[in-house]
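To keep things clear, I will list the structure first and then write my remarks on it.
The values are calculated or read from the model by the stated rules, or taken from the named source; none is laboratory data. None of the values given here were measured: they were computed from a predicted structure. Every residue, glycine among them, receives a Cβ derived from its backbone with ideal geometry; neighbour counts consider all protein chains shown.
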Ligand SMILES: Cc1ncc(C[n+]2csc(CCOP(=O)(O)OP(=O)(O)O)c2C)c(N)n1
């Protein structure tokens, strides 16, 4: 990609929106106003989100892992509805019942974030198969962490995508750590793209601090997938903070963290914009200020939104055709009576 200054500033803006959203949602957590006890921030993974989604179009779909806020934002999510979802409010994308790790929205092609490592991957194979059968020009992309590289479901999915020539891309956001386990303690060969090639996929690796490099390879792989060549991409980055908001990562040395945090895709983009396009401090400040205001408003919206009414507890959770769940006491009575009748 040889972007114009305007395009480069837009790429910067998309990454800054993700960073600021994550900073604000981290504050929401500290104020104990998020639902659930876990929050996984994608700070320093912005180039993976913005770069890979860059060539995606309306009608394309994707799944994410538990660290997926940035990817959904890059695909057009409304930060207010996202923040409300993370706060467990009725105005959220899943009426407050999905939370940070289970956001989904079919209208934007989000087939679901998933807390099970590797859990979202096979859904893109299904989506890709449907596009092929229905002759639709779309692709489906699975985003997951390096922890999923050790999950069998990834390899079943890769095999079918390659075998059936599906419009699918597998994207590993390789931030070097799966909770407290560094990748070289989980895998003998950490050149994950080589594994993908053995399945017959296009397999590549890219520097996740360089958003324009990510865009370049993503454009090629996504177009290839639309033409029936399934692909795999490792985006190499570094997990800035602990696994989740409470984790201070005592298993990493300060030296390693200092080194890893040099791989900041936003700083890299700023340097490039200044050097190549003559972007000024004033231009960055104007973008940052507008985003700060947008995200402050999203926090306010989430805090002031109402939780789902208790009467809606089981709504949206089960399929429409499922009978409403039986109250526990009634269920126990039924089971006990049935068993007693059967043994008598
Ligand atoms: C199948 C399964 N095993 C274990 C876990 C517990 N767990 C949650 S997140 C995580 C690490 C995931 O690391 P990675 O995939 O690299 O993603 P990252 O958190 O680094 O973004 C683990 C082991 C889980 N959620 N699912």
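Residue by residue, here is whether (1) away from the ligand (no atom under 12 Å from the Cβ); (2) touching a residue at least 24 places away in the same chain (Cβ under 8 Å); (3) surrounded by fewer than 18 Cβ atoms within 10 Å (Cβ to Cβ) holds:
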{"residue": "97", "(1), (2), (3)": "yes, yes, no"}
{"residue": "114", "(1), (2), (3)": "no, yes, no"}
{"residue": "130", "(1), (2), (3)": "yes, no, yes"}
{"residue": "140", "(1), (2), (3)": "yes, yes, no"}
{"residue": "153", "(1), (2), (3)": "no, yes, yes"}
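Condition check: under 29 Å from residue 37 (Cα atoms) and either touching a residue at least 60 places away in the same chain (Cβ under 8 Å) or in contact with a helix residue (DSSP H, G or I) (Cβ under 7 Å, 6 or more places away or on another chain) (or both). Does residue 241 satisfy that? If you could, list the steps in order and put the result at the bottom.
Values: under 29 Å from residue 37 (Cα atoms): yes; either touching a residue at least 60 places away in the same chain (Cβ under 8 Å) or in contact with a helix residue (DSSP H, G or I) (Cβ under 7 Å, 6 or more places away or on another chain) (or both): yes.
So residue 241 fits the description; yes.
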Condition first: touching a residue at least 60 places away in the same chain (Cβ under 8 Å), touching a strand residue (DSSP E or B) at 6+ places or on another chain (Cβ under 9 Å) and farther than 24 Å from residue 7 by Cα. Now tell me which residues in segment 69-94 satisfy that. 94
Tally the residues that are touching a residue at least 24 places away in the same chain (Cβ under 8 Å) and surrounded by fewer than 11 Cβ atoms within 10 Å (Cβ to Cβ), restricting the search to segment 273-328. 3
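Is at least one residue of segment 201-211 part of a helix (DSSP H, G or I) and either more than 18 Å from residue 143 (Cβ to Cβ) or in contact with a strand residue (DSSP E or B) (Cβ under 7 Å, 6 or more places away or on another chain) (or both)? Even if it seems obvious, please write down each step before you answer.
Narrowing segment 201-211 to residues part of a helix (DSSP H, G or I): 211.
Checking the rest, the ones that are also either more than 18 Å from residue 143 (Cβ to Cβ) or in contact with a strand residue (DSSP E or B) (Cβ under 7 Å, 6 or more places away or on another chain) (or both) come to none.
Checking segment 201-211: not a single residue is part of a helix (DSSP H, G or I) and either more than 18 Å from residue 143 (Cβ to Cβ) or in contact with a strand residue (DSSP E or B) (Cβ under 7 Å, 6 or more places away or on another chain) (or both).
Got a sec? Which helices (runs of 4 or more DSSP H) wholly within segment 225-307 have at least 2 residues that are within 27 Å of residue 79 (Cβ to Cβ) and over 21 Å from the mean Cα position of the chain (by Cα)? Let's see the steps before the verdict.
Numbers: elements: 254-260, 265-277, 281-304.
Result: 265-277, 281-304.
Which count do you get for residues in segment 31-59 that are more than 20 Å from residue 147 (Cα to Cα) and either at pLDDT below 95 or crowded, with 24+ Cβ neighbours inside 10 Å (or both)? Give the derivation first.
Step one: list which residues in segment 31-59 are more than 20 Å from residue 147 (Cα to Cα), which gives 31-37, 50-51, 53-59.
Filter again for either at pLDDT below 95 or crowded, with 24+ Cβ neighbours inside 10 Å (or both), leaving 31-37, 50-51, 53.
Of the residues in that region, 10 qualify.
Yes/no matrix, rows are residues, columns are (1) touching a strand residue (DSSP E or B) at 6+ places or on another chain (Cβ under 6 Å); (2) more than 23 Å from residue 244 (Cα to Cα):
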| position | (1), (2) |
| --- | --- |
| 127 | yes, yes |
| 136 | no, yes |
| 160 | no, yes |
| 163 | no, yes |
| 172 | yes, no |
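From 170, 144, grab the single residue that is touching a residue at least 60 places away in the same chain (Cβ under 8 Å), within 13 Å of residue 124 (Cα to Cα), in a strand (DSSP E or B) and near the ligand (Cβ under 8 Å from one of its atoms). I'd like the intermediate steps shown before the answer.
Working: 170 fails: near the ligand (Cβ under 8 Å from one of its atoms).
Exactly one of 170, 144 is touching a residue at least 60 places away in the same chain (Cβ under 8 Å), within 13 Å of residue 124 (Cα to Cα), in a strand (DSSP E or B) and near the ligand (Cβ under 8 Å from one of its atoms), namely 144.
It is to be established whether one or more residues within segment 159-167 are more than 10 Å from the ligand (Cβ to nearest atom), crowded, with 24+ Cβ neighbours inside 10 Å, in contact (Cβ under 8 Å) with a residue 12 or more places away in the chain and part of a strand (DSSP E or B). So that I can check it myself, show each step before the final result.
Kept after step one, since they are more than 10 Å from the ligand (Cβ to nearest atom), are these residues of segment 159-167: 159-167.
Next, only the ones that are crowded, with 24+ Cβ neighbours inside 10 Å stay: 161, 166-167.
Still in the list and also in contact (Cβ under 8 Å) with a residue 12 or more places away in the chain: 161, 166-167.
The next check asks that each one be part of a strand (DSSP E or B); those that pass are none.
No; the residues of segment 159-167 include none that is more than 10 Å from the ligand (Cβ to nearest atom), crowded, with 24+ Cβ neighbours inside 10 Å, in contact (Cβ under 8 Å) with a residue 12 or more places away in the chain and part of a strand (DSSP E or B).
Does residue 63 meet the test of being within 16 Å of the ligand (Cβ to nearest atom), closer than 26 Å to residue 266 by Cα and under 17 Å from the mean Cα position of the chain (by Cα)?
yes
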The condition of being within 16 Å of the ligand (Cβ to nearest atom) and over 21 Å from residue 296 (Cα atoms) holds, among 119, 26, 68, 109, only for 119
Among the residues of segment 173-213, count how many are more than 30 Å from residue 261 (Cα to Cα) and within 16 Å of the ligand (Cβ to nearest atom). 0
